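The values are calculated or read from the model by the stated rules, or taken from the named source; none is laboratory data. For clarity, every value in this text was computed on a predicted model and none was experimentally measured. Don't worry about glycine lacking a Cβ; one is built from the backbone with ideal geometry, like all the others, and counts go over all protein chains shown.
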């Protein structure tokens, strides 16, 4: 059976490789065009990007938009070079760039969806009440037990790989679980720099309002199949895309199983379309006959 | 308890250097025992875990990851040399490493 190529899209940028701008320049891409298109669509001013711009580093919405736009730009570069994916997956908020790459939404509409999702959950974002955390080195079962015994409202909202998972809930509870995880022998734990408990039960109440907003956006069927991080089904249809937006915001995701699904589908080359190398890093411990290809 | 010989140390060092050279896409001679894993090599805890899995298989070690995690919290490593020394202790003591 033919080996396939996949694009995967990150959600946030935890650390730039600092090769991103050089890659854009080398491919004669003016990233300001991407920023301008999103700025006009959202009626905001996204300033010129540099690695140290505070407006992107310290603002959750701006950093989501930056991650999205860089992912779109990198996907354009690859596709213009003739590297076209046969499957796509987006890690968490990476779904928006996934759908752009699959020609289902425009750059502008992806930015609007991110903007809308962010503003919808705004009454809990920034309250300082909620948070997310990452645990490396304990099994899912270990973390489930820690949660059960110490802070039962915390949820495991994503399994990155066999040894790395993400939790969400009330910040004070997340901190307790992270502390207990370290005592239990986790190699590392970290509070994530987000105030929104993405993929947790706390976002379920926003499903209807987000659905209403999605219905105002012009979305087309995907030209390239996408693997759901929610339940790992392959989808292209409009109705499935609309449902996936909701699942992706309010439901638990499983990146480990999503990567496994790509590999089961004979994907042998995976391009991480985005800034940083977070998805390459968490692909450790995801076994299979595939190669994570560097784009820069 | 396994006996640690000069040969074991050489083997462990070779595996560690090969691993970081491949992961960091640099030449082996660019890495020394003084190289800082995080600031010089951009290492992370998942790399550390992967390396431990390599040694668990190579030396058929009976040790739980969380035991190593507990040991590492009390005895953090920063350089490649310290990492090699910790791997040797893991090979030598396996699940009893917390007793040393």
query = Of the residues A:147, A:95, A:176, A:159, which is under 30 Å from residue A:225 (Cβ atoms), more than 14 Å from every other protein chain (Cβ to nearest Cβ) and either modelled with pLDDT of 95 or more or in a loop (DSSP other than H, G, I, E, B) (or both)?
reply = A:95
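Results for (1) free of Cβ contacts under 8 Å to residues at least 60 places away in the same chain; (2) buried (at least 24 other Cβ atoms within 10 Å of the Cβ); (3) more than 12 Å from the chain's Cα centre (by Cα), shown as yes or no for each residue.
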site: A:59; (1), (2), (3): yes, no, yes
site: A:68; (1), (2), (3): yes, yes, no
site: A:75; (1), (2), (3): no, yes, yes
site: A:78; (1), (2), (3): no, no, yes
site: A:87; (1), (2), (3): no, no, yes
Qualifying residue in segment B:29-45 (condition: more than 9 Å from chain A (Cβ to nearest Cβ), free of Cβ contacts under 8 Å to residues at least 24 places away in the same chain and outside any loop (DSSP other than H, G, I, E, B)) = yes
inquiry  = So if I check each of A:143, A:121, which one is in contact with a helix residue (DSSP H, G or I) (Cβ under 9 Å, 6 or more places away or on another chain), within 30 Å of residue A:37 (Cβ to Cβ) and either buried (at least 22 other Cβ atoms within 10 Å of the Cβ) or not assigned by TED's automatic domain parsing to the domain that holds residue A:251 (or both)?
reply    = A:121
key: segment A:251-289, subset in a loop (DSSP other than H, G, I, E, B) and out of contact with any strand residue (DSSP E or B) (no Cβ under 7 Å at 6 or more places or on another chain), residue nearest to residue B:43 (Cα to Cα)   = A:277
task = State the number of residues belonging to segment A:182-208 that are surrounded by 13 or more Cβ atoms within 10 Å (Cβ to Cβ), part of a helix (DSSP H, G or I) and touching a helix residue (DSSP H, G or I) at 6+ places or on another chain (Cβ under 7 Å).
result = 5
remark   = Those residues of segment B:54-71 which are assigned to a helix (DSSP H, G or I) and either more than 8 Å from chain A (Cβ to nearest Cβ) or touching a residue at least 12 places away in the same chain (Cβ under 8 Å) (or both) amount to B:54, B:55, B:56, B:57, B:58, B:65, B:67, B:68, B:70, B:71
note = Per the filter on segment A:162-173, residues surrounded by fewer than 23 Cβ atoms within 10 Å (Cβ to Cβ), more than 21 Å from residue B:50 (Cα to Cα) and either touching a strand residue (DSSP E or B) at 6+ places or on another chain (Cβ under 8 Å) or modelled with pLDDT under 95 (or both) are A:170, A:171
key: Matching entry among A:110, A:128, A:82, A:169 (being on the phi > 0 side of the Ramachandran plot, within 20 Å of the chain's Cα centre (by Cα) and more than 14 Å from every other protein chain (Cβ to nearest Cβ))   = A:169
request  = Just one of (1) in contact with a helix residue (DSSP H, G or I) (Cβ under 7 Å, 6 or more places away or on another chain); (2) crowded, with 18+ Cβ neighbours inside 10 Å trips up residue B:73, so point out which.
outcome  = (2)
query = When segment A:237-272 is examined, which residues are found to be out of contact with any helix residue (DSSP H, G or I) (no Cβ under 8 Å at 6 or more places or on another chain) and under 18 Å from residue A:211 (Cα atoms)?
reply = A:237, A:238, A:239, A:240, A:243, A:247, A:251, A:252
message = Could you go through segment A:60-77 and let me know if any residue there is part of a loop (DSSP other than H, G, I, E, B) and either out of contact with any helix residue (DSSP H, G or I) (no Cβ under 7 Å at 6 or more places or on another chain) or at negative phi (or both).
response = no
